[in-house]
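Colleague: Could you have a look at this structure, given as structure tokens, before my questions?
Read-outs: derived from the displayed coordinates by stated rules, not from any lab. Note that the coordinates shown come from a computational prediction; the quantities given were computed from them, not determined experimentally. As a convention, Cβ positions derive from the backbone with ideal geometry for all residues, glycine included, and neighbour counts pool all protein chains shown.
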Amino acid sequence: MTQINATIFRKYDIRGTAGGDDPQITPSVALLVGKALGTYLPVTFGTEQVFVGMDNRLTSPPLHDAMIEGLLSTGMRVIDVGQVITPTVYFASSSAPNSAGVQITGSHLSTRYNGIKMSYGPLALFDQQIQALLGIIEDDAFATGQGTLTQDFDMTTRHMARISGMVKLERPMRVVLDAGNGLIGSFFPAVLRDLGCEVVELYCESDGTYPNHLPNPEDPEMTKDLEAAVVSSQADLGLAFDGDSDRCGFIDNHGHHIAADRLLAVLAVDLLKRLPGSTIVYDVKCSQVLPDIIREHGGVPVMWKTGHSLMKQKIAELKSPLGGEISGHLFTGEDYYGFDDAPLIALRALQIFSQTRQTVAEIFAAMPNLPATPEIILPAPDHLKFQIIDHVSQTLARDFEVFTLDGARVQFERGWGVVRASNTQPAVTLRFEAYSVPELIDYMQKFRALLDAYPEVDTTILQGHIDRFSAQR
């Protein structure tokens, strides 16, 4: 029985340290995962070929090569697409029949980490499917055969041609693009320019050490340079991608971050003009403003569990043309495959913005903007996470409606609060929204009082948000 670190097999991917003295993900691990995938995919999904790509991290090439070696040892047909963004691997596995995809990427994490994202068609392996791979490895139950390897290093070109052909800008736009030294900086500026944009490039040189900042557009510390550049260059907006470009962050012309659920609302209004009555999926941490706007424009909002793999499954099940979550994963199925293709989302947003003489800030200012917190992450031991959620749910359900679809979302009289278990780290995540600041503070304090029953949970960050909003009263 092969011994392997089971903790790296997470709900949505395989992830762990890949550098340092005691790495969790090594070429030998990638080899075993490749052998497990080559065993599992054909039997479970009828997979006949696997596209394998990688990001630009320094630890990615040996993992990529070992993954291919493992797949080949099972008799799998493998297409090496080289250095690409994750949506390009999804595009490859979605557009070719009976195909799967593997991307070696650490996404937005520090360079100590790396990981493996796996897809079949437009969907992603998750949860028990990933645990099944672990079981195959532990049992040494691998298929054997002689696979074939080909290379296709033009997949990015075909992917970009497809998505850029789906949009048209009505007027030129000035865009600041912060690639965070991820791969997307090496080709996306040209895509934008071909569509008529003036592009100001920020950290667009590919460098897997990420010398300027980690590519994480949802971290306000990582977008300060972009915000300043948008204002100083008088740009229409700023775009920032995470390390593997399945998420894109938006900055308006005043240098302010646009929350992903508000962007999803704008995309939904536009889509519902063409596809009235469509179902649009959103996660439990999104603003109440979003479903209100979807209904107002004739759509059907469906709240679902957080997690890009879970969202893709639900979107496919409902045949929904659009969905998204507050983390920045947005999914489009209109004349497309329904996965989180951040470059396409960016282009479709640009198309919408170009169709009006309003500034980007004015577009979002017209939308209701309720007092809300960002996502609040509190470290919590794994063995306590679900106990905390049950405690919050059972206590507050005495007086309020509680949705337990994903964690506990408590619907207060004039707002809501949610606590859910992080699927990627020992932590619980919270978010709150209300129609007024005093109500928002009240809801946070209700949760804080319940969390204080757990000394292992440091509620300092939550209290910091309470204090910040209290200062605004």
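Colleague: Order these by the 10 Å Cβ neighbour count, fewest first: 360, 78, 289.
Modeller: 289, 78, 360
Colleague: While we're looking at this one, here's another question. Any idea what diffusion coefficient the stretch 259-338 gets from Stokes-Einstein, in µm²/s, Kirkwood Rh on alpha carbon pairs, 20 °C, 1.002 mPa s? Walk me through the numbers before you get to the answer.
Modeller: Values: Rh = 11.9 Å.
Here the translational diffusion coefficient equals 181 µm²/s.
Colleague: From the phi angles alone, apply the Karplus equation (6.51, -1.76, 1.60; θ = phi - 60°) to the stretch 237-248 and give each ³J(HN,Hα) in whole Hz, x where the residue is Gly or Pro.
Modeller: For the stretch 237-248, the Karplus curve yields 6, x, 10, 9, 10, 7, x, 10, 6, 9, 9, 10 Hz.
Colleague: Can you put 248, 204 in order, fewest other beta carbons within 10 Å first?
Modeller: Values: 248 25, 204 20.
Neighbour counts put them in this order, fewest first: 204, 248.
Colleague: Out of the trypsin sites (Lys or Arg not before Pro) in the stretch 294-368, which ones are loop residues according to DSSP with at most 16 other C-beta atoms within 10 Å?
Modeller: 319, 357
Colleague: How large are Rg and Dmax for the stretch 174-257 when only the alpha carbon atoms are used, in Å?
Modeller: Answer for the stretch 174-257, Rg first and Dmax second: 11.3, 31 Å.
Colleague: How high is the relative contact order of the stretch 259-338? Use alpha-carbon pairs under 8 Å, at least six apart in sequence, and give a whole percent.
Modeller: About 34 percent, as a whole number.
Colleague: Next question. Looking at 443, 332, 423, which one has the Cα that reaches farthest to the positive end of the dipole of the stretch 327-473 (charges on Cβ: Lys, Arg +1; Asp, Glu -1)?
Modeller: 443
Colleague: At a 10 Å Cβ-Cβ cut-off, how would you order 118, 173, 54, fewest neighbours first?
Modeller: Ranking 118, 173, 54 by Cβ neighbours within 10 Å, fewest first, gives 173, 118, 54.
Colleague: If you don't mind, another one. Could you tell me which of 289, 322, 271 has its Cα farthest along the dipole of the stretch 259-338 towards the positive end, charges placed at Cβ (Lys, Arg +1; Asp, Glu -1), taken about the Cα centre?
Modeller: 322
Colleague: Short version: ³J(HN,Hα) in whole Hz for each residue of the stretch 41-50, in order, from phi by Karplus 6.51 cos²θ - 1.76 cosθ + 1.60 (θ = phi - 60°), x for Gly and Pro, what are they?
Modeller: After applying 6.51 cos²θ - 1.76 cosθ + 1.60, I find 4, x, 6, 7, 10, x, 5, 10, 8, 10 Hz.
Colleague: Another one. Based on the Kirkwood radius over alpha-carbon pairs, what value in µm²/s does the Stokes-Einstein equation return for the translational diffusion coefficient of the stretch 11-137 at 4 °C and 1.567 mPa s?
Modeller: Working: Rh = 14.0 Å.
Diffusion coefficient, whole number: 92 µm²/s.
Colleague: So if I place +1 on the C-beta of Lys and Arg and -1 on the C-beta of Asp and Glu, and nothing else carries charge, what would the dipole magnitude of the chain be about its Cα centre? I want it in debye, nearest 20.
Modeller: Roughly 900 debye, rounded to the nearest 20.
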